[in-house]
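Below is one structure, written out as structure tokens, with a few remarks after it.
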Amino acid sequence: MKCKRCETLPSFKDKNVTLYVYIPTHHHEPLFEANLIDKNYTYEKHAKYYLVDVESLHAFIRIMRNLFNVLERSDIKILPFNKQKGLDPAVLHNMRTLEEWVDYYKSRQVRYVLRENALKVHFQPIMDKRTNEIFGYEGLVRGIDKDGSDIPPGLLFEQAKNLDLLFNLDKASRETVIRSAAEIGLKKHLFINFIPTAIYNPELCLKTTLEAIKFYDLAASKITFEVVESERIKDFDHLNTILEYYKARGFNTALDDVGSGYANMEAISRLRPSIIKIDQMIIRNIHKDQEKQKAFKAYYELAKKNDIRILAEGVETKDEETYLSNYDIDYAQGYYYGKPQPTLLDN
């Protein structure tokens, strides 16, 4: 069984369509109608909603966004449909608020990336602090825009969140990292990010990810699935279900950004990941900041008590590296050891 939400992208006709436009407040109707008349739109009014014939939904949204503020745009609802066929219930999933339509057309990059599978991977080395050799690499995705330029992952995932496409982007990112690691001939450990809120049922949502790992003949014991946005964990039971699913199949698990949010001490104790990645906000200038040293020590002691391996993120200077050498940590990552790049430093 496949999840249609993860496997398909939302689609609809937005040229030469009729729009169902719901205006909830009476005092907005005169302004709305005046602009329809000014722009020569053909329309019908029925109670609190309008039927408006448009040549381009995008052009209509550009006009409407300038009429209303963000709160008003969040109340107005718009649905494109074929007037000749009537309002088929099958198209109701295309109804969005005006603000959501604004986001939809602003977020062209993530739609292009997902449609064209325009993703690439940069690999950042992770050092084994006991051997001072490269332990593995974290696969970090970048979007590729139409002109060939990079799309920062933060922007890409923000657009995906706005369009309810986190499922699609997270899935595509995991599978791109797996394929790229195999194509580049990675033999060391591979860290793969995932967003827990993008996974409903591991059996369904992770099926194609595990199939890709099997197809490229990658060893489960050399793969770590890394929870990103771990400071936003709200449903520990759901996340634990995902982590246990990975663990039962021989994979390692990691919590990212530990120390940057309010729930991380609880998250470590309740989830018991294989590895915790202590956030760069703690590591930055740790050699001269007693509060950061205190925070680091607390996580260090908790991890040791629970037999959890420790990775220090964002190491950029010799002073930071020297300070960390006073502790028996397992791994370190940061520009001091190597920046993310499409090739491997060592394999």
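The values are calculated or read from the model by the stated rules, or taken from the named source; none is laboratory data. This is a predicted model, so every value here is computed, not measured. Cβ placement follows ideal geometry from the backbone for every residue including glycine, while neighbour counts extend to all protein chains displayed. Just the protein is used for accessible areas: all its heavy atoms, side chains included, with ligands, DNA and RNA removed. Shrake-Rupley method; radii C 1.70, N 1.55, O 1.52, S 1.80 Å.
Overview of results
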| item | result |
| --- | --- |
| Flag for Leu243 being in contact with a Pro (Cβ under 7 Å, 6 or more places away or on another chain), farther than 14 Å from Glu313 by Cα and not in a loop (DSSP other than H, G, I, E, B) | yes |
| Residue list for region 264-281, filter: of a type in the set (A, V, I, L, M), open to solvent by 10 Å² or more (accessible area, probe 1.4 Å) and at pLDDT 95 or above | none |
| Residue match in region 255-276 (condition: of a type in the set (Ser, Thr, Tyr) and more than 29 Å from Thr317 (Cα to Cα)) | yes |
| Region 206-221, subset in contact with a helix residue (DSSP H, G or I) (Cβ under 6 Å, 6 or more places away or on another chain) and of a type outside the set (Val, Ile, Thr), residue surrounded by the most Cβ atoms within 10 Å (Cβ to Cβ) | Ala212 |
| Tyr216 being farther than 17 Å from Glu175 by Cα and of a type outside the set (D, E, K, R) | no |
| Candidate set from region 222-240 (those that are assigned to a loop (DSSP other than H, G, I, E, B) and surrounded by 14 or more Cβ atoms within 10 Å (Cβ to Cβ)); member that is modelled with the highest pLDDT | Val228 |
| Qualifying residues in region 177-193 (those that are touching a helix residue (DSSP H, G or I) at 6+ places or on another chain (Cβ under 6 Å) and part of a strand (DSSP E or B)) - the one surrounded by the most Cβ atoms within 10 Å (Cβ to Cβ) | Leu190 |
| Residue count for region 299-347, restricted to those that are open to solvent by 70 Å² or more (accessible area, probe 1.4 Å) and assigned to a helix (DSSP H, G or I) | 5 |
| Subset of region 246-298 [outside any helix (DSSP H, G or I) and of a type in the set (Phe, Trp, Tyr)] | Phe251, Tyr262 |
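Yes or no, residue by residue, for (1) modelled with pLDDT of 95 or more; (2) under 21 Å from the mean Cα position of the chain (by Cα); (3) within 30 Å of Gly314 (Cα to Cα):
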position	(1), (2), (3)
Val52	yes, no, no
Asn66	no, no, no
Phe81	no, no, no
Pro89	no, no, no
Leu119	yes, yes, yes
Met127	yes, no, yes
Gly136	yes, no, yes
